[in-house]
Amino acid sequence: MSAENAEILNRVFARRRFVCLIGIDGSGKTTQARRLVEEAGDLPHPPHYIWCRSARWVSGCVVKLAKSAARKRAGAAEESADRAVRNKVFSKKWVATLYTYLTLLEYRGQVLCCLAPARLGGWSVVCDRYLDDAIADLAANYNLDRNGITAMLRNPVLGVFPRPDVTVYVRISAETSAARKDDVNVPSMDYLRDRARVYDALAELQGYPVVDGERTPDEVYQEIIAVLARRFAQ
């Protein structure tokens, strides 16, 4: 680690901080978050890595049942019609509203559990995924445009979540995401394009700094360090 990077990290984590990295699958969030934690070393408020993907236990079961019922009524195959079935399920406003509140409230409990040790220990946090990831899931499920995403960001439940000191968007294309996640668990290109579109809108609407995740890991890391240097200049 360079002396300049060490100085920046010492300044950033001289106080307790909450840093989030967001982006679609394959953007390198985990690699970069773990490197930040590793290179920060022993500081007054040492950062801890937290993976904070929402686990939709209750809300996930509800929507699976709804989709299954819709598929049976339509006589559709699961893979070929998943997007159409999803859109049909969430086209009902009351279903979307109920699912939104259920998802966010369920996730709120998960966030409290994830962040509690850091709060009690006085640690900083480098979070791999966070609230924006849950919002992106919802927005993609509902096929929201920019106006719909703007309206979702006004949901009062969002106000009960701890607010990060800085959220960095590591941006890559859907094609890069698919190439980097070359395994059987890769989501469809439609899914990845929806997520990329939603993340682009979220970052723009909330003024998040954007890092070019298409570059090499070292270059991406230096961009993130530069973002932190600007954000915590004093």
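When region 198-230 is filtered for residues that are closer than 25 Å to residue 150 by Cβ, free of Cβ contacts under 8 Å to residues at least 12 places away in the same chain and not acidic (Asp, Glu), only 207 remains. For region 1-19, the set of residues classified as surrounded by fewer than 14 Cβ atoms within 10 Å (Cβ to Cβ) and in contact with a strand residue (DSSP E or B) (Cβ under 9 Å, 6 or more places away or on another chain) consists of 15 only.
Restricting region 168-179 to residues that are buried (at least 22 other Cβ atoms within 10 Å of the Cβ) and among the hydroxyl-bearing types (Ser, Thr, Tyr) leaves a set whose member that is modelled with the highest pLDDT is 169. Considering region 124-161, and only residues there that are surrounded by fewer than 20 Cβ atoms within 10 Å (Cβ to Cβ), within 29 Å of residue 46 (Cα to Cα) and not β-branched (Val, Ile, Thr), the residue that is farthest from the chain's Cα centre (by Cα) turns out to be 159. For region 139-170, what are the residues that are over 30 Å from residue 215 (Cα atoms) and of a type in the set (D, E, K, R)? If the condition is that a residue be over 30 Å from residue 215 (Cα atoms) and of a type in the set (D, E, K, R), then 154 is the only one that fits.
Take the conditions (1) farther than 18 Å from residue 193 by Cα; (2) in a helix (DSSP H, G or I); residue 125 misses just one of them, which is (2). Of all residues in region 4-52, those being in a strand (DSSP E or B) and in contact with a Cys (Cβ under 6 Å, 6 or more places away or on another chain) number 2. Contact map, region 145-166: residues that are under 23 Å from residue 115 (Cβ atoms) paired with residues that are assigned to a strand (DSSP E or B), Cβ distance under 6 Å, separation 6+ or inter-chain. Pairs shown: 164/18; 164/20; 165/18; 166/19. Within the bounds of region 54-70, is there any residue that is under 23 Å from residue 106 (Cβ atoms) and at pLDDT 75 or above? Yes, because at least one residue in region 54-70 is under 23 Å from residue 106 (Cβ atoms) and at pLDDT 75 or above. Among the numbered conditions (1) without any contact (Cβ under 8 Å) to a residue 24 or more places away in the chain; (2) not in a loop (DSSP other than H, G, I, E, B), the only one that residue 136 does not meet is (1). When residue 206 is tested against (1) closer than 22 Å to residue 104 by Cβ; (2) touching a strand residue (DSSP E or B) at 6+ places or on another chain (Cβ under 8 Å); (3) surrounded by 20 or more Cβ atoms within 10 Å (Cβ to Cβ); (4) of a type outside the set (Asp, Glu), only condition (3) is not met. Of the set (1) at pLDDT below 95; (2) in a helix (DSSP H, G or I); (3) surrounded by fewer than 13 Cβ atoms within 10 Å (Cβ to Cβ), all apply to residue 182 but (2). Screening region 20-39 for residues that are touching a strand residue (DSSP E or B) at 6+ places or on another chain (Cβ under 7 Å) and basic (Lys, Arg) and picking the one that is farthest from residue 208 (Cα to Cα) gives 34. Scanning region 185-234 for residues that are of a type outside the set (A, V, I, L, M, F, W, C), part of a helix (DSSP H, G or I) and more than 21 Å from residue 139 (Cβ to Cβ) yields a count of 8.
The values are calculated or read from the model by the stated rules, or taken from the named source; none is laboratory data. Keep in mind it's a predicted model, so treat the numbers as computed, not measured. Cβ atoms come from the backbone with ideal geometry, glycine included; neighbour counts cover every protein chain shown.
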